[in-house]
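First comes the structure, then the notes that go with it.
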Amino acid sequence: MANNDINTAVNKTHPPIGFWRGWSIAVGCAIGSGIFMMPTLLAPYGMLGMAGWLTAGAGTLLVALSLARLARRIPKIGGPYAYVHAGLGDFAGFLIAWTYWIACITAVAGIAIAFVGYLGVFLPVISESHSLSLLFSLGLIWSIFILNINSLENSSKFQLISTVLKILPLLMMIFMGFSHMQPDNLPEYNPTDLHPAALLATVTTLVMWSFVGIETAAVPADNIVEPEKTIPRILIASVLTVLALYFLVSIAIALILPAEDLIGATAPFALAATKVMGPIGGAVITAGALISTLGSLNANVLTAGNIALAAARDHLLPNKFAQLGNTGTPVFAYLMSGLFVSILLVMNFTKGLVAAFTFMAMLSTLSTLIAYAFCAIAEFYFLKSDRRGSERNRAIGLSVAAFAYSFCAIWGAGPEIAFYSLLLILIGMPMYALAKK
């Protein structure tokens with residue numbers, strides 16, 4: 001038996017990912033750079049912008065319930081890609097594999113930018129220099145790619161530890177915000193010229209960046225213990241965990257800092273902690289933010305490699321992506337993912353940290369929302385053959401709601417991000433033509 005077959009057999013006999021490691025992948029991917037930069041991005045939208053957490057959380061819960069049903073039907077590597085491919089065929093499967101892979105690599109780029117922003121608290125010269133910021137970002141992403149190439153076991157252990165550690169600064173910030181609250185700092189209801197519905201659609205799409213990632217628990221299904229049972233539990237638990245933390249910490253920071261102090265800040269958590277506890281508090285929160293972004297970075301890298309692997313096994317990407325190294329990991333898929341991330345970073349670092357992060361976050365979110373919408377459509381296909389009854393009717397209603405939410409959030413992204421997303425999809429079409437048999 002070849003080494004690759006041996007490694008695959010070992011993984012199936014002794015899957016390294018149980019509930020808590022799976023939960024750490026989903027929560028670790030979702031709780032990353034998003035929440036640590038979101039106070040800056042939401043500051044111009046006032047109190048109504050806070051409602052984005054609730055609408056995005058409710059919508060993500062609908063998506064998680066829909067994905068949980070699909071995970072029970074198809075407990076297979078690839079997550080959203082596997083569900084769409086099984087329900088809608090090769091072309092739709094390729095579109096989702098490609099767009100979701102784009103979502104992962106743009107997320108890695110955005111998270112690396114956020115890491116550098118917080119690292120600038122300790123080393124200001126880094127955030128002040130585009131060249132140094134770029135070099136540190138490139139060094140960071142390639143270190144994480146090498147970790148995942150070398151061992152899935154070590155990667156999943158790192159994920160669990162970093163997820164536990166990243167929750168601590170969030171709890172600390174919630175405690176500081178509510179114990180040192182200044183209600184006068186809360187922003188006005190709607191300081192913009194936007195209609196409330198348009199503003200809510202915009203902030204919901206923006207906030208969705210902080211929820212994107214819960215579906216990653218379904219991607220390495222081949223390495224999860226009893227995936228048809230474990231994955232649905234992970235999905236629901238992950239959404240509820242991140243929603244509670246996000247909403248509370250967002251209110252806490254708004255109680256500490258006025259909106260005008262948050263706008264343009266590259267490290268809002270550190271700014272709030274420094275105001276309450278001085279330099280020591282800022283340093284502690286900054287260290288927590290750095291650990292958090294590392295965990296999210298690792299989860300997205302893991303997912304990017306597994307999505308490309310799943311698509312290549314189905315002959316929707318070149319066979320090279322399906323080749324496993326001696327450690328049982330898709331080396332070529334990781335290397336190509338790292339190359340694309342590097343290109344994105346080089347192309348966008350001239351925007352500045354906040355602008356580059358916002359662009360990456362919106363592009364990654366839109367790409368993931370497309371996958372969510374297609375998963376809801378795939379569920380319609382499977383439901384056609386289900387026995388008629390109340391359970392089927394509830395599933396239909398859930399799929400309709402998940403699709404409607406995804407559609408509205410995609411609309412809220414705006415034409416510029418949609419245009420760039422379309423261009424990236426078109427770039428992938430020649431690869432589909434070459435791989436398709």
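The values are calculated or read from the model by the stated rules, or taken from the named source; none is laboratory data. This one's a predicted model, so the numbers in the text were calculated from it and none came from an experiment. Here the Cβ is made from the backbone with ideal geometry for all residues, glycine too, and neighbour counts use every protein chain on show.
Things to note:
Yes/no matrix, rows are residues, columns are (1) of a type in the set (A, V, I, L, M, F, W, C); (2) at pLDDT below 80; (3) within 27 Å of Glu260 (Cα to Cα):
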site: Tyr100; (1), (2), (3): no, no, no
site: Ala112; (1), (2), (3): yes, no, yes
site: Tyr118; (1), (2), (3): no, yes, yes
site: Ser143; (1), (2), (3): no, no, no
site: Asn148; (1), (2), (3): no, no, no
site: Phe158; (1), (2), (3): yes, yes, no
site: Phe175; (1), (2), (3): yes, no, yes
site: Ser179; (1), (2), (3): no, no, yes
site: Pro187; (1), (2), (3): no, yes, yes
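- Pair list, Cβ < 6 Å and 6+ apart or interchain, from the stretch 202-222 residues that are on the phi > 0 side of the Ramachandran plot to residues that are of a type outside the set (D, E, K, R): Gly213/Cys29; Gly213/Ala30
- Candidates Ser151, Ser127, Ser155: the one that is more than 23 Å from Met347 (Cβ to Cβ) and surrounded by 17 or more Cβ atoms within 10 Å (Cβ to Cβ) is Ser155.
Results for (1) touching a Cys at 6+ places or on another chain (Cβ under 9 Å); (2) farther than 16 Å from Pro220 by Cβ, shown as yes or no for each residue.
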site	(1), (2)
Val284	no, yes
Ala287	no, yes
Gly295	yes, no
Ala299	yes, no
Asn306	no, no
Phe321	no, no
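- The set of residues from the stretch 283-334 being of a type in the set (A, V, I, L, M) and part of a loop (DSSP other than H, G, I, E, B) comprises Leu316, Leu317, Leu324.
- Filter result for Ala92 (in a helix (DSSP H, G or I), out of contact with any Ser or Thr (no Cβ under 8 Å at 6 or more places or on another chain), crowded, with 24+ Cβ neighbours inside 10 Å and aliphatic (A, V, I, L, M)): no
- Filter result for the condition that a residue is touching a helix residue (DSSP H, G or I) at 6+ places or on another chain (Cβ under 9 Å) and either modelled with pLDDT of 80 or more or of a type in the set (Phe, Trp, Tyr) (or both), over Ala270, Ala259, Ala287: Ala287
- Residue ID - nearest to Ile102 (Cα to Cα), chosen from residues in the stretch 380-419 that are crowded, with 17+ Cβ neighbours inside 10 Å and of a type in the set (Ser, Thr, Tyr): Ser406
- Qualifying residue in the stretch 266-274 (condition: among the β-branched types (Val, Ile, Thr), surrounded by fewer than 23 Cβ atoms within 10 Å (Cβ to Cβ), closer than 19 Å to Phe115 by Cα and touching a Ser or Thr at 6+ places or on another chain (Cβ under 7 Å)): yes
- Residue that is surrounded by the fewest Cβ atoms within 10 Å (Cβ to Cβ), among those in the stretch 195-225 that are part of a loop (DSSP other than H, G, I, E, B) and in contact with a helix residue (DSSP H, G or I) (Cβ under 9 Å, 6 or more places away or on another chain): Val225
- Qualifying positions in the stretch 258-282 - farther than 23 Å from Met47 by Cβ, in contact with a Leu (Cβ under 9 Å, 6 or more places away or on another chain) and in a helix (DSSP H, G or I): Gly282
- Any hit, the stretch 57-68, residues being of a type outside the set (S, T, N, Q) and not in a helix (DSSP H, G or I): no
- Residue in the stretch 282-301 that is over 22 Å from the mean Cα position of the chain (by Cα) and surrounded by 19 or more Cβ atoms within 10 Å (Cβ to Cβ) present: yes
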